[in-house]
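Working notes, structure below.
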Amino acid sequence: MPKNLTTKIIEAHLVAGELVANREISIKIDHTLLQDATGTMAMLEFVAIGLPRVTVDLAAQYIDHNLLQTDFKNADDHAFLTSAAQRFGVHLSKPGNGISHQVHLERFGRPGLTLLGADSHTPTAAGLSMLAIGAGGLDVALAMAGHPFSLPCPKVFGVKLTGQLQPWVSGKDVVLEMLRRHSVKGGVGRVIEYYGPGVATLSATDRATIGNMGAELGATSTLFPSDQRTREFLAAQGREDHWQPLAADEGAGYDEYDEIDLAALEPLIACPSSPDKVVKVSTVAGTKVDQVIVGSSVNSSFRDLMTVCRVLEGRRVAPGVAFHINPGSRQVLENVAQQGGVLMLLMAGVNIHQSGCLGCIGMGQAPGTGQVSLRTFPRNFPGRSGTKDDQVYLCSPETAVASGLHGVITDPRDLGALMPWPAVRNPDRYLVDDSSLIYPLTPVEADRIEIVTGPNIVPFPRFEPLPEQLEASVVLKVGDNITTDHIMPAGNQILPLRSNIPAIAEYVFERIDAEFPARVKSMGAGVVVGGENYGQGSSREHAALAPRYLGIRVKLVKGFARIHKANLVNFGIVPLIFKNPDDYDRVKQGDSISLPAIRRLIAEGAREITVLVNGAELVTVLDVSDRQRQELLAGGTLNMVGKG
């Protein structure tokens, strides 16, 4: 029977389970990826596991998020990560070398392998036909220790691409079209696999852009075939020997289908404040623009930045527009410089920043009050930029530079009256500089490394097992599409506390209810009630770990995002779903919640759990695997690993 590519790769890595949608499977992981905002806690979790060295084929630690050193915290964390990487046999990418996803694509990614990353945008590696999945830091730490990764078996959503993108339309418009059609929930429980004749017209970095923002669809992963375009990219990186052809079998089937004619796409833009509020650029053209940023984890490749350079060559950005460039990697910037692009940008009045996530996670570059910011970033959740009530739009580099030139949102096709389409291609051979990568030491050398811990490095907290019954109160009730940014904000004040759970826990739900931490601690045990797609967005496990530290034992919602639900189980929070969504209206903040015999029910495999709300019965669903039930009973995954 013909197989799609997703099925082929999963089967080649399958350790346990059957490929039946939504049933738990376990797969072998070939590569792991950490960045510094998630890596400090993940590395502390790896230390808690107790192994002397990673056993995964390749583990990489990137320093790309916490780059602003306003005090000792980030610098201390970087020293900790550097020494821990050397101690445990992990590749390290130094600050300024680049964003994890771009650098992994350039220097380590290989077709057909699995990659597990403590970052939701890990599926950027779709550009090299890797099955790349975002997860919480603890899951990645376990994979570093050689454990398989367990997840609900995803459906495969086949998207056939035909035609070819027209001038001034790019890969960003493809994924924005997917978001326009399917929303931020459209990929939940699915791997999105692109196929068809249009795929061959997209470069590896176009595919990386589409893979990156598959996370905004809620997808488990995104996958492209490995073909001549993949081979071109690897050859340009001096790694052609890592290439292999991969594709779905002729006539392979998919669980769901869609089709996009690339030639019919127009420039698109996501309006504030959700990645799926997508419209044609032409419909919002003329809106005044105050800030433009090109780069971060998506649209920061050579082609993206060099297109901006060519458009700006001999021109100036509009007065009153602050135009910023965040290169994806040092390699990207070096190759742009080699082509004369840096001078083009400087002469146009553009600000060039170090390679890093920066404004995408609120680490600088916050817009002013009421200002409109156009960004090629993957997310525009409310307040994520660091400015309350921000007005952030997501768009392609072509739309960004056209708007930066004119000072208003501009359809990039209008640039055709000023200049020919640049038609920038990736280099046939990149200038490669690996001097900012630190490769693993030998085991003998590694044994001599002492791990450096500053005062901001606090050991991983230990949690008690699940009690026989739970008595708690509803500490907070929220609505649909609550993001991990709502639960555990980013930004330059909070991100540096990622290795200090007692300190970072004081900011849980800060943007929704600043009194939340104090209220939970005063109640002893708490419940959070939410709507659909609860926990969408970043993979940050702190959005589960910090509430658990405060005393949250249950989250009761209409529906969970995949990664956040897994993180809740990892830290012993019971993830319950309303059996009848209308029951959401029956629960109020401050209500008393009782779960009698909860431990026995979970141990016996009960799927339906009766919850008493102020004494009245309400039926909920516990949709977890047998493995996850044991982890909930133990009070969290690390407690289970410790037993083993």
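Pairing residues of segment 116-138 that are in a strand (DSSP E or B) with residues that are buried (at least 24 other Cβ atoms within 10 Å of the Cβ) and acidic (D, E), at Cβ distances under 9 Å and at least 6 apart in sequence or on separate chains, gives L116/D139; G134/D119.
Going residue by residue through segment 429-452, is there one that turns out to be among the small types (G, A, S) and within 25 Å of the chain's Cα centre (by Cα)? Before you say what the answer is, go through the steps one by one.
Within segment 429-452, the first condition is being among the small types (G, A, S), and the residues that meet it are 435-436, 446.
Those still in the list that are within 25 Å of the chain's Cα centre (by Cα) too: 436.
Yes, some residue in segment 429-452 is among the small types (G, A, S) and within 25 Å of the chain's Cα centre (by Cα).
Across segment 400-422, which residue is nearest to Q102 (Cα to Cα) among those that are part of a loop (DSSP other than H, G, I, E, B), touching a helix residue (DSSP H, G or I) at 6+ places or on another chain (Cβ under 9 Å) and not hydroxyl-bearing (S, T, Y)? Break it down stepwise before answering.
First, the residues of segment 400-422 that are part of a loop (DSSP other than H, G, I, E, B): 407, 409-411, 418-422.
Checking the rest, the ones that are also touching a helix residue (DSSP H, G or I) at 6+ places or on another chain (Cβ under 9 Å) come to 409-411, 418-419, 421-422.
Add one more test, that the residue is not hydroxyl-bearing (S, T, Y), and what stays is 409, 411, 418-419, 421-422.
Numbers: I409: 28, D411: 27, L418: 32, M419: 30, W421: 25, P422: 23 Å.
It comes out as P422.
Flag set for S300, criterion: touching a Gly at 6+ places or on another chain (Cβ under 9 Å), closer than 25 Å to P378 by Cβ and of a type in the set (S, T, Y).
Answer with yes or no whether G50 is at pLDDT 95 or above and surrounded by fewer than 24 Cβ atoms within 10 Å (Cβ to Cβ).
On the way: at pLDDT 95 or above: no; surrounded by fewer than 24 Cβ atoms within 10 Å (Cβ to Cβ): yes.
Here the answer is no, as G50 does not meet what is asked.
If you go through segment 555-568 and keep only what is over 16 Å from the mean Cα position of the chain (by Cα), crowded, with 24+ Cβ neighbours inside 10 Å and touching a residue at least 60 places away in the same chain (Cβ under 8 Å), you end up with just L556.
Right, G531: crowded, with 17+ Cβ neighbours inside 10 Å, within 30 Å of G186 (Cα to Cα) and at pLDDT below 90 or not? Break it down into steps so the answer makes sense when it comes.
Numbers: crowded, with 17+ Cβ neighbours inside 10 Å: yes; within 30 Å of G186 (Cα to Cα): yes; at pLDDT below 90: no.
Spelling it out, it is not the case that G531 is crowded, with 17+ Cβ neighbours inside 10 Å, within 30 Å of G186 (Cα to Cα) and at pLDDT below 90.
Scanning segment 21-46 for residues that are β-branched (V, I, T) and part of a helix (DSSP H, G or I) gives T38, T40. The residue pairs whose first member lies in segment 335-352 and is assigned by TED's automatic domain parsing to the domain that holds M306, whose second member is acidic (D, E), and whose beta carbons are closer than 7 Å, counting only pairs six or more residues apart or on different chains, are M344/E313. Restricting R462, R540 to residues that are buried (at least 18 other Cβ atoms within 10 Å of the Cβ) and basic (K, R) narrows the list to R540.
Return yes when A525 is of a type in the set (A, V, I, L, M), within 28 Å of P123 (Cα to Cα) and either touching a Phe, Trp or Tyr at 6+ places or on another chain (Cβ under 6 Å) or not assigned by TED's automatic domain parsing to the domain that holds S221 (or both) and no when it is not.
Values: of a type in the set (A, V, I, L, M): yes; within 28 Å of P123 (Cα to Cα): no; either touching a Phe, Trp or Tyr at 6+ places or on another chain (Cβ under 6 Å) or not assigned by TED's automatic domain parsing to the domain that holds S221 (or both): yes.
Considered against the rule, which asks whether it is of a type in the set (A, V, I, L, M), within 28 Å of P123 (Cα to Cα) and either touching a Phe, Trp or Tyr at 6+ places or on another chain (Cβ under 6 Å) or not assigned by TED's automatic domain parsing to the domain that holds S221 (or both), A525 comes out as no.
Okay, residues lined up against (1) in a helix (DSSP H, G or I); (2) buried (at least 24 other Cβ atoms within 10 Å of the Cβ):
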| site | (1), (2) |
| --- | --- |
| L151 | no, no |
| V156 | no, yes |
| L161 | no, no |
| W168 | no, no |
| L176 | yes, yes |
| R181 | yes, no |
| V191 | no, yes |
| R207 | yes, yes |
| I210 | yes, yes |
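Restricting attention to segment 234-270, the residues that are within 18 Å of G214 (Cα to Cα), surrounded by 16 or more Cβ atoms within 10 Å (Cβ to Cβ) and either in contact with a Phe, Trp or Tyr (Cβ under 6 Å, 6 or more places away or on another chain) or among the hydroxyl-bearing types (S, T, Y) (or both) total 2. Picking from residues in segment 473-517 that are at pLDDT 95 or above and part of a strand (DSSP E or B), the one that is nearest to R599 (Cα to Cα) is S473. Only residues that are of a type in the set (V, I, T), surrounded by 22 or more Cβ atoms within 10 Å (Cβ to Cβ) and either part of a strand (DSSP E or B) or without any contact (Cβ under 8 Å) to a residue 12 or more places away in the chain (or both) were counted in segment 569-581, giving 1. In the set A546, A603, only one residue is small (G, A, S), farther than 20 Å from P461 by Cβ, out of contact with any strand residue (DSSP E or B) (no Cβ under 8 Å at 6 or more places or on another chain) and not assigned by TED's automatic domain parsing to the domain that holds A37; that residue is A603. Residues in segment 594-638 that are closer than 19 Å to P148 by Cβ and either touching a residue at least 60 places away in the same chain (Cβ under 8 Å) or part of a helix (DSSP H, G or I) (or both): S625, D626, R627, Q628, R629, Q630, E631, A634, G636, T637, L638.
When P427 is tested against (1) touching a Pro at 6+ places or on another chain (Cβ under 9 Å); (2) not assigned by TED's automatic domain parsing to the domain that holds I293, only condition (1) is not met. Annotation: of all residues in segment 30-60 being of a type in the set (S, T, N, Q) and over 15 Å from the mean Cα position of the chain (by Cα), the one that is farthest from I10 (Cα to Cα) is T40.
In segment 347-355 there is at least one residue that is within 24 Å of L268 (Cα to Cα) and modelled with pLDDT of 95 or more.
The values are calculated or read from the model by the stated rules, or taken from the named source; none is laboratory data. These numbers come from a predicted model, not from an experiment. Positions of Cβ are backbone-derived with ideal geometry, glycine not excepted, and every protein chain shown enters the neighbour counts.
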